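The values are calculated or read from the model by the stated rules, or taken from the named source; none is laboratory data. Being a predicted model, the structure only gives us computed values, none of them experimental. Neighbour counts run over all protein chains shown; Cβ positions are idealised from the backbone, glycine included. Each accessible area value is taken on the protein alone, full model and side chains, heavy atoms only, with ligands, DNA and RNA left out. Shrake-Rupley method; radii C 1.70, N 1.55, O 1.52, S 1.80 Å.
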Amino acid sequence: MAEQKKKMKRCPVSMQPDIENLLNDLSPDDFSKASKEEKDDFIQDRKSVSYWKDAWRRLKKNVVAMVALGVIVLLFLFAFLGPVLVPYGYDEFNKGAENLYPYHYTLEDQQKLDAEIASRTKTDVVDVDEMIAKAKEEAEAKGEKFTKKDEAVIRAQAKVAAKKGNSSGSDSEEEIDQDALRKELGIKKHLFGYSQKELERKASGEKVFPHVFGTDMYGRDILVRVMYGARVSMSVGVFAALLVLVIGAVYGAISGYCGGKVDAVMQRIVELIYAVPEMLVVLLIATAMKPILTEYVNSAGNSPMKSFVSVLGPNLISMFIAFGMLYWVTMSRIIRGQVLQLKQQEYVTAARALGASGGRIIRRHLLPNCIGQIVVTTCLQIPSAIFLESFLSYLGVGVSAPLPSLGSMATDALGGMYTYTYRLIVPSVILSVMILAFNLFGDGLRDALDPKLKK
């Protein structure tokens, strides 16, 4: 038998392993028990990655979205923490610091400039008293009487002569190009704005907080007003997005889950709301609520709610109501389409077979599986609400004065746009950066939460 086995040859195309040769190559040590380290290395347990961790991992790889997130965080700190660090109020008038630029000149340079202007505008001053005395002596020498009328005539003639001398002589102080004169004298600008009194206090060793973005015509610090304006815009955006989230998600989930006639009626309502112009609704609500809110604020008694309503004003409150009435329709349509797909899944059928109510199925199964679309749509709704609030404030139907808004600050800056351009640039840049950051972060969040884009 052994000789027959030796004579047997293995087929070259056979897929069976050559067991006899394998066994000959093995040693007794190969059959020893594996150690604990070898067992641990043989099967490695990998940590399970949840939906949110996987989305965060992909979001971190999106450089543009992460930069936008950093800008949003900085804007939140700027709007909500910044006013605590600046000693000025948004409605505080700083006398003597009106119309300051975001830069200043030192006391020495200002004195040098004033001396140069005085030397260039120096004119011969007529001594009126000397003229009157001379005319009186001449009248007495001639035997004439010098009256009060003659004195008044001399004073008037001297005044007219002084005006003609100033107009025909060298340039007046107003006509001198001070910027060109500063360049000629080598006077340089220094960052941040200070008034003359603030520079004197600073020179004496007193700590004076600068006006980083300058001041307006009333001496109000623009930095603080921009901070409060950004706070108003971001607060309106977040609050409006939460309203859209709650109303739109619930309405869309009910419409998609019920289907049939209920869905048809609910979607016709959505189409009617789509046809309503938002601006007209805001103006109508503000007009209707203004006398009611004014009467409420002026009524007897004092409460935190009254002060809150007084600060917001009827326009801003009507804006919130308009958001709750109109802006949730886009969210509801997105959630409805997602629910129409999810309600055909097996886990929804199983939950219905086990006796779960429609509300429980929506709350526990459908809405949690729509969380990606809900988060993205809510995030993208924030810049839309910020833009609407700024636009209404620009038109004068937004926040009530003296509470600042980025839109109302842009409106106030139009009057001196060519002289004080920085008043328009600062709020416009902050508003543009804010809207751009929220849009870019929303796009990155959409890409991270979309299961179809997983790599």
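What the table shows:
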| item | result |
| --- | --- |
| Extension reserve of the Gln111-Ser50 stretch, reckoned as 0.36 nm per residue once the Cα distance is removed | 15.1 nm |
| Largest to smallest accessible area among Thr411, Thr349, Thr377, Thr287 [probe 1.4 Å] | Thr287, Thr349, Thr411, Thr377 |
| For the range 135-147, 3J(HN,Hα) per residue [Karplus equation, 6.51 cos²θ - 1.76 cosθ + 1.60, θ = phi - 60°, Hz, x = Gly/Pro] | 5, 5, 5, 5, 5, 5, 5, 7, x, 9, 9, 8, 9 |
| 0 to 90° range, to nearest 10: angle between helix 222-258 axis and the chain longest Cα axis | 30 degrees |
| FRET efficiency, Glu346 to Val63 (Cβ-Cβ, R0 41 Å, nearest 0.05) | 0.55 |
| Acute angle (nearest 10 degrees) that the helix 422-449 long axis makes with the longest principal axis of the chain, alpha-carbon atoms | 0 degrees |
| Dipole in debye (nearest 20) - the chain, about Cα centre, beta carbon charges: Lys, Arg +1; Asp, Glu -1 | 2540 debye |
| Pairs beyond 31 Å (Cα-Cα), from Lys95/Lys290; Lys112/Lys207; Lys53/Lys343; Lys112/Lys134 | Lys95/Lys290; Lys112/Lys134 |
| Kirkwood Rh, Cα atoms: Rg over Rh of the range 402-443 | 1.10 |
| Ratio Rg/Rh, restricted to the range 343-426 and using Cα atoms, in which Rh is the Kirkwood radius | 1.42 |
| Inverse mean reciprocal Cα-Cα distance (Kirkwood Rh) of the range 240-385, Å | 17.2 Å |
| If the convex hull is drawn through the Cα atoms of the range 80-123, its volume per residue in Å³ | 118 Å³ |
| Accessible area of the chain belonging to carbon and sulfur atoms, whole % at 1.4 Å probe | 60 percent |
| Exposure rank, largest accessible area first [Ser27, Ser390; 1.4 Å] | Ser27, Ser390 |
| Among 297-310, 211-224, the order from most to least packed when residues are scored by Cβ within 10 Å on average | 211-224, 297-310 |
| Calculated semi-axes √(5λ) of the Cα gyration tensor in Å (choose from (i) 39, 30, 18; (ii) 79, 37, 18; (iii) 35, 30, 24), label | (ii) |
| Separation of the Ser432 and Thr287 label points, Cα + 7 Å toward Cβ, nm | 3.5 nm |
